[in-house]
Amino acid sequence: MKMQVNKAEAMELLHLLSLYETIYYEQMQKFFPNLTEDKLSSILKSLKKKGRLSVDSDTGIITVSDDKKPNYELIKGIWVLLDFISKIEYHSISEYPALLSFFANHDVYEVLYIPEGQEAIMNHVLDSIIPKEESTKRLVIIDSKHQIPQLNFPNIRAYCRVDAEGNIQYY
């Protein structure tokens with residue numbers, strides 16, 4: 001019976017990794033709060049041994065393969081997602097320009113990253129593809145709060161900055 005639980009947990013972990021392809025160990029812990037650190041480490045070690053994932057012990061980054069480069073923008077988006085995890089009913093990777101999307105409290109959210117200096121082009125892209133009546137709420141990751149006045153596409157609910165440790169500052 002215990003082996004089945006481990007297999008189910010491993011499959012769930014692999015499913016999550018197949019969605020996002022790059023994730024910090026600390027993020028994985030937040031996705032699986034019921035797993036002890038020892039159990040999570042054991043599952044990761046087993047999956048790594050089987051060639052199902054790669055773990056960089058220096059950075060704590062877990063990827064789908066050794067040659068997969070970390071997507072740091074998506075990692076920031078995952079930190080934002082995890083800030084809402086207790087309310088989330090569903091989450092998934094999204095198509096550009098969104099990093100990911102999730103459904104929480106009967107609302108659809110998209111998490112976007114807007115690099116500094118890309119505000120005008122992103123306004124143009126997003127304004128042209130988003131219908132005015134659309135209700136998707138957007139959480140926008142920015143590099144600097146100075147970007148805020150330059151962004152004006154529909155349905156922005158919050159701006160945020162995410163540091164390397166996953167701390168989020170909302171505006």
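Miscellaneous remarks
- Computed per residue of the chain from DSSP H runs no shorter than four, each worth -39500 (n - 2.57), the mean residue ellipticity at 222 nm is -11500 deg cm²/dmol.
- Within the range 1-108, chymotrypsin sites (Phe, Trp or Tyr not before Pro) in DSSP loop having at most 12 other beta-carbon neighbours inside 10 Å: none
- Fraction of antiparallel bridges per DSSP, the chain only, in percent to nearest 5: 65 percent
- Annotation: extensible slack from ALA164 through GLU37 equals 43.6 nm (criterion: 0.36 nm per residue apart, minus Cα-Cα distance).
- Between the range 18-94 and the range 141-161, the Cα center-to-center distance that results, in Å: 26 Å
- Cross-link pairs beyond the 22 Å C-alpha cut-off, checked among LYS49/LYS69; LYS45/LYS76; LYS76/LYS137; LYS87/LYS145; LYS7/LYS49; LYS39/LYS87: LYS45/LYS76; LYS87/LYS145; LYS39/LYS87
- Neighbourhood net charge (14 Å Cβ-Cβ; Lys/Arg +1, Asp/Glu -1) for GLN169: -1
- All alpha carbon pair distances within the chain were sorted into 10 Å bins beginning at 0; the resulting P(r) in whole percents reads 9, 36, 32, 16, 6, 0.
- Ranking by accessible area, most exposed first, for ARG161, ARG138, ARG52 with a 1.4 Å probe: ARG52, ARG161, ARG138
- Calculated over the range 41-131, the projected area of the Cα convex hull averaged across directions stands at 8.1 nm².
The values are calculated or read from the model by the stated rules, or taken from the named source; none is laboratory data. Because the structure is a prediction, the values reported are computed rather than measured. Heads up, the Cβs are rebuilt from the backbone with ideal geometry, glycines too, and the neighbour counts pull from every protein chain shown. Note: areas computed on protein heavy atoms with side chains; ligands, DNA, RNA excluded. Shrake-Rupley method; radii C 1.70, N 1.55, O 1.52, S 1.80 Å.
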